[in-house]
Amino acid sequence: MDVDWQADLEHWLQPFLAGLSHPARRRMCPLYIAGLIGPGDRKSVQPMAARAGDVGYDQLHHFVAAGVWDSAPLEAALLKEADRLVGDEAGFLVIDDTALPKKGQHSVGVAPQYASSLGKTSNCQSLVSVTLASREVPVMVGLRLFLPDTWTNDPERMMRARVPKDRQVALTKPEIAIEEIDRVIASGARFGCVLADAGYGSSSSFRQALSERGLLWAVGLSRRQNVYPADVDLIFPVATTGRRRQYHIPDQPPVSAEVMLSGERWHKISWRRGTKGRLTCLFAARRVRVADGHKHRMLDNRVQCMPGDEVWLVGERRSTGEQKYYVSNLPADASLKMLAATIKARWVCEQAHQQLKEELGLDHFEGRSWTGLHRHALMTMIAYAFLQARRLKAAGRKKKSRRTTATTEHASC
C-alpha cells in the first residue's frame, strides 16, 4: 500500500466522522482504523496504541470499549458507502456466520458451539455476518453477535458483559439475520437476491420471511429435507367409515431432497473463472414444493407437513464426492447455469471473513463487553470498505489506462 493511504483515509472517513459529535472521538476513530490497516501482527488495542505513538492505550481503549457514543450513524454511513461501491439490482446480500475462537468463558457470547469456518465445535464467539456484493466484490455491512442459551438463560452474566437490555433475548441466527436484512432494506442499499448456507436456508421461517419481503433468495438446504414434486395435488381422501375428512392431503408422499434429485440428469456447469481456470461442478435441478406448510395428521396417525410454494431444488456434486443441496425462488424459467452461478456467488463472503481476520484483526479484540466487541467489528468493516474503495479505484484507473493505450495505438496505425 502506498504512503498516501492515511491521507486518503482521513478524507474518505469524513461521512463517518460526522456521526461522532465529540472532537476526541473524531480523532480516535481514524487512529483506530489506521491501526487495523497498518503493519503489525496483532490488531488489539495495546499493540495498536504502541505503534501509533501519538495516542495512549487508555484513550484508544476508552473510545472502543467505554465511550458513550451511538454506532448507528456510522453503520448507516457504512451501508451508504457499500451501496456506492457495490450496490446493484443484480447484486447479492450474503448471510453467513463467522467464529472468533476464544479461551475462557467471560468474553460476551463465548461458548462451546459449532464453528462452520473451523468445521467443528469450538469455544468461540459466533457472529452473524451480512455482506453486500456484486461483480465478485464484497463489502461487509453487518456483524451481530449470537448469544447461546447459556448466556440468555443467565441475566447476571449478560449484565456483567454489558449486553443491552433489548438484546438480552434468545434469538436464533436466522432471526438475527432477518433483523439485519430489514436494516439493509431500510437503508435503500441495492441488491437482487439473498444468499445463505443451510444453517439459515433449512429454516422454513427464514425462507418465508424473505418471501414475505418480496425478496429473491437461493439458500442451502439439508439433504434430508422432505419435498414434494411440483405437480403434487391436494385431494380429499374418501373415508370408508366415520366423518368426511375436513382437510386436503397430498396425493403423493414427500421424499428427501437427496432422493428427489437422485434420478435427475446431472450437467457439468461452469460458473466463473478461478485462479486455476474455469470452476465447474455437476448440477441438477427440478421444480418442487418444500414440505414446510402446516402440519397435518394423516390417516396412519403420522404428522406430515403440507406442500409450500413451488420453488427450485438444486443439487451440486463436487469433485471431492461431496454433495450439497439448495432451494431457490428464482423464476421458473431460470436456466441451470443461472441457478448455479447464483448459488456459488456466496463464496465472496468467505473471502471477506478471511481478509477481516488475517489483514484487519477482527478476531484480535481482547475486551469482554458487548459494546466493545461490536464497535471493534464495526471499525474492521469500515477499514475493509476503505480498502475495497481503493482497490476499485485502482482497478478503474488500470482499465482507463488500458483503454487510453489501445486508443493511442489504434490512432497511430
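The values are calculated or read from the model by the stated rules, or taken from the named source; none is laboratory data. Quick caveat, the model's predicted, so the values are computed rather than measured. Cβ placement follows ideal geometry from the backbone for every residue including glycine, while neighbour counts extend to all protein chains displayed.
I'm trying to understand the selection: among the residues of segment 90-111, which are out of contact with any helix residue (DSSP H, G or I) (no Cβ under 7 Å at 6 or more places or on another chain), modelled with pLDDT of 95 or more and of a type outside the set (Gly, Ala, Ser)?
Phe92, Val110
Please indicate, with yes or no, whether at least one residue in segment 165-185 is in the same structural domain as Leu373 (by TED's automatic domain parsing), modelled with pLDDT of 95 or more, of a type outside the set (D, E, K, R) and farther than 24 Å from Pro148 by Cα.
yes
Listed here are the residues, each with its yes/no results for (1) surrounded by fewer than 21 Cβ atoms within 10 Å (Cβ to Cβ); (2) touching a Ser or Thr at 6+ places or on another chain (Cβ under 6 Å); (3) more than 26 Å from Arg390 (Cα to Cα).
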| residue | (1), (2), (3) |
| --- | --- |
| Leu127 | no, yes, yes |
| Leu132 | no, no, no |
| Pro164 | yes, no, yes |
| Glu175 | yes, no, yes |
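Given the options Pro229, Pro174, Pro164, Pro138, name the one that is within 25 Å of Ala77 (Cα to Cα) and over 22 Å from the mean Cα position of the chain (by Cα). Talk me through it step by step, then tell me what you get.
Working: Pro229 fails: within 25 Å of Ala77 (Cα to Cα); Pro174 fails: over 22 Å from the mean Cα position of the chain (by Cα); Pro138 fails: over 22 Å from the mean Cα position of the chain (by Cα).
Being within 25 Å of Ala77 (Cα to Cα) and over 22 Å from the mean Cα position of the chain (by Cα) holds for just one of Pro229, Pro174, Pro164, Pro138, which is Pro164.
Restricting to segment 4-31, name every residue that is of a type in the set (A, V, I, L, M, F, W, C) and modelled with pLDDT of 90 or more. Break it down stepwise before answering.
So the first thing to find is which residues in segment 4-31 are of a type in the set (A, V, I, L, M, F, W, C), and the list is 5, 7, 9, 12-13, 16-18, 20, 24, 28-29, 31.
If the condition is that a residue be of a type in the set (A, V, I, L, M, F, W, C) and modelled with pLDDT of 90 or more, then Leu9, Trp12, Leu13, Phe16, Leu17, Ala18, Leu20, Met28, Cys29, Leu31 are the ones that fit.
For every residue, the table says whether it meets (1) over 21 Å from Ser203 (Cβ atoms); (2) modelled with pLDDT under 95.
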residue	(1), (2)
Arg297	yes, yes
Trp312	no, no
Glu316	no, no
Leu339	no, no
Gln351	yes, yes
Met379	yes, no
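Search segment 1-55 for residues being outside any loop (DSSP other than H, G, I, E, B) and among the small types (Gly, Ala, Ser), and hand back the single one that is surrounded by the most Cβ atoms within 10 Å (Cβ to Cβ). Quick ask: steps written out before the conclusion?
Our first condition is that a residue be outside any loop (DSSP other than H, G, I, E, B); within segment 1-55, this holds for 5-12, 14-17, 23-37, 45-52.
From what's left, among the small types (Gly, Ala, Ser): 7, 24, 34-35, 49-50, 52.
Working: Ala7: 9, Ala24: 12, Ala34: 19, Gly35: 25, Ala49: 20, Ala50: 14, Ala52: 17.
Looking at residues that are outside any loop (DSSP other than H, G, I, E, B) and among the small types (Gly, Ala, Ser), I get Gly35.
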